[in-house]
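> Encoded as structure tokens, here's the structure I'll be asking about.
The values are calculated or read from the model by the stated rules, or taken from the named source; none is laboratory data. Nothing here was measured: the structure is a model prediction, and the numbers come from that model. Neighbour counts run over all protein chains shown; Cβ positions are idealised from the backbone, glycine included. Ligands, DNA and RNA are excluded from the accessible area calculation, which covers all protein heavy atoms including side chains. Shrake-Rupley method; radii C 1.70, N 1.55, O 1.52, S 1.80 Å.
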Amino acid sequence: MRVKNKFKESFILHCNAGGRLFPLVVGCLLFLHLFSFAHQRNAQSGETHLSTNQRTQFSILEKVEEKNIQLPQPRKRSARAAKRKPKRPTTFIDEFLDESSQLRHVFFPDQRTAVDSRKDNGNDTYYYHPGRIWLDTEGNPIQAHGGGILYDSRTKMYYWYGEYKDGPTYHAHKKGAARVDVIGVSCYSSKDLWTWKNEGIVLAAEEKNETHDLYKLNVLERPKVIHNEKTGKYVMWMHIDDANYTKASVGVAISNFPTGPFNYLYSKRPHGYDSRDMTLFKDDDGVAYLIYSSEHNKDLHIGPLNKEYIDVTESMRKILIGQHREAPALFKHQGTYYMITSGCTSWSPNEALAHASDSIMGPWETIGNPCIGGNKIFRLTTFFAQGTFVVPLSGVPGLFIFMADRWNPADLKDSRYVWLPLTVGRPFDHRPEYSFGLPLWSRVSIYWHKKWRLPYR
């Protein structure tokens with residue numbers, strides 16, 4: 001009898017608990033539904049604004065544009081050669097890296113198709129042509145590789161900083177990567193992001209002092225510049241290395257003007273770790289961050305700079321651990337941080353990945369390949385390019401410029417620029433795992449176009 005009473009009491013308790021839990025579960029589901037609805041409305045708010053102004057031109061940028069290319073017929077080999085060493089099938093990446101390939105003109109169009117702002121381009125004015133030679137206002141190919149853009153509110157100008165590679169390509173040793181001696185960091189200025197004036201070398205290499213970080217036989221890569229409103233200084237960070245890539249450090253330089261000259265300060269291993277591909281990000285609150293590939297490119301590290309932007313602080317987080325990502329490019333949209341990264345395959349192109357986080361210090365979630373259009377091999381090779389920076393555009397919600405380099409390891413000075421529209425806010429092709437149907441992150445999309453222009457042109 002007592003056993004039955006215990007069972008009855010237990011049953012009543014569970015029923016009462018279930019009765020209390022049921023409204024809680026329903027409430028949680030209702031909250032999640034409202035959260036999903038609100039998130040979708042927020043993601044579409046930019047679209048509502050665009051529908052009255054630039055929606056037609058904006059939608060053109062989101063049109064999926066295909067590019068059909070076919071592998072050329074394999075070159076004939078003698079029967080003896082084929083028997084001695086069977087040849088594996090040629091891939092598009094093989095053709096891309098082969099300077100004698102029949103597809104060379106597809107990846108590296110010749111001078112006749114160069115984008116030249118000095119000419120009357122008619123209907124082609126302000127159009128970007130990814131992969132074509134891009135001339136400055138003096139008629140010379142722009143030399144600003146691995147670079148980034150600074151918009152300076154004081155001069156109301158854009159400044160494009162990058163590696164000046166106008167020298168011969170060679171290999172320091174038999175197994176060494178293709179390289180050009182350090183010449184310096186170049187700077188170009190523009191009011192419209194299309195017409196670029198050469199402002200010269202703003203940080204020059206050291207010709208004679210072999211102990212200097214900027215000695216011409218060393219490595220200087222991926223320079224980025226931000227402005228410090230408190231000190232008034234323009235601060236440049238860059239990857240500094242030796243010819244064998246064993247120094248693995250960051251270098252810092254400052255200037256009173258965006259066009260230099262920059263005064264080189266020092267190099268160091270940030271937070272005591274090796275640093276290779278790197279970038280800077282300045283948040284809305286004025287705090288700046290260094291993001292760099294570390295531990296032999298196995299992880300990315302991120303941490304805030306000090307108030308002067310000339311050193312790191314003690315704070316640092318490891319992100320994308322064990323994922324072997326490099327070439328980070330950060331941007332922010334509607335309070336969410338996004339990042340585009342590359343795989344680690346030297347000069348060979350590979351698949352880009354997009355990542356997102358509510359906090360810049362992480363955790364970061366990988367949300368997939370952002371590339372859309374072209375064809376499958378274009379999407380798997382980031383359009384045969386590697387990202388370097390994402391340019392925010394004022395007045396066009398959800399639209400950015402994805403800056404990338406199409407490296408030419410046979411002749412590095414002839415590497416090209418692939419600038420493409422990047423949008424935030426489109427639906428996912430498939431939902432991230434464990435999202436429970438909620439759009440936790442807006443989709444990041446980089447659209448391939450053989451030519452395009454900004455919607456407010």
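> Can you pull out every residue in the stretch 105-142 that is under 30 Å from I201 (Cβ atoms), in a helix (DSSP H, G or I) and either touching a residue at least 24 places away in the same chain (Cβ under 8 Å) or under 25 Å from the mean Cα position of the chain (by Cα) (or both)?
Answer for the stretch 105-142, where residues must be under 30 Å from I201 (Cβ atoms), in a helix (DSSP H, G or I) and either touching a residue at least 24 places away in the same chain (Cβ under 8 Å) or under 25 Å from the mean Cα position of the chain (by Cα) (or both): just F107.
Results for (1) more than 20 Å from the chain's Cα centre (by Cα); (2) hydrophobic (A, V, I, L, M, F, W, C); (3) at pLDDT below 95; (4) under 21 Å from S415 (Cα atoms), shown as yes or no for each residue.
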residue: G162; (1), (2), (3), (4): no, no, no, yes
residue: G167; (1), (2), (3), (4): yes, no, no, yes
residue: G176; (1), (2), (3), (4): yes, no, yes, yes
residue: R179; (1), (2), (3), (4): yes, no, no, yes
residue: L193; (1), (2), (3), (4): no, yes, no, yes
residue: W196; (1), (2), (3), (4): yes, yes, no, yes
residue: E199; (1), (2), (3), (4): yes, no, no, yes
residue: Y215; (1), (2), (3), (4): yes, no, no, no
residue: E221; (1), (2), (3), (4): no, no, no, yes
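> Looking only at the stretch 253-272, which residues are part of a loop (DSSP other than H, G, I, E, B) and open to solvent by 70 Å² or more (accessible area, probe 1.4 Å)?
The answer is N256, F257, P261, R269.
> Let me ask something else. Yes or no: Y170 under 22 Å from D242 (Cβ atoms), touching a Gly at 6+ places or on another chain (Cβ under 8 Å) and not basic (K, R)?
Answer is no for this residue.
> Given the conditions (1) modelled with pLDDT under 95; (2) within 22 Å of the chain's Cα centre (by Cα), report the number of the one that G184 does not fulfil.
Looking at each condition in turn, G184 falls short on (1).
> Please enumerate the residues belonging to the stretch 378-427 that are of a type in the set (G, A, S), farther than 18 Å from D192 by Cα and not in a strand (DSSP E or B).
A385, G398, A410, S415
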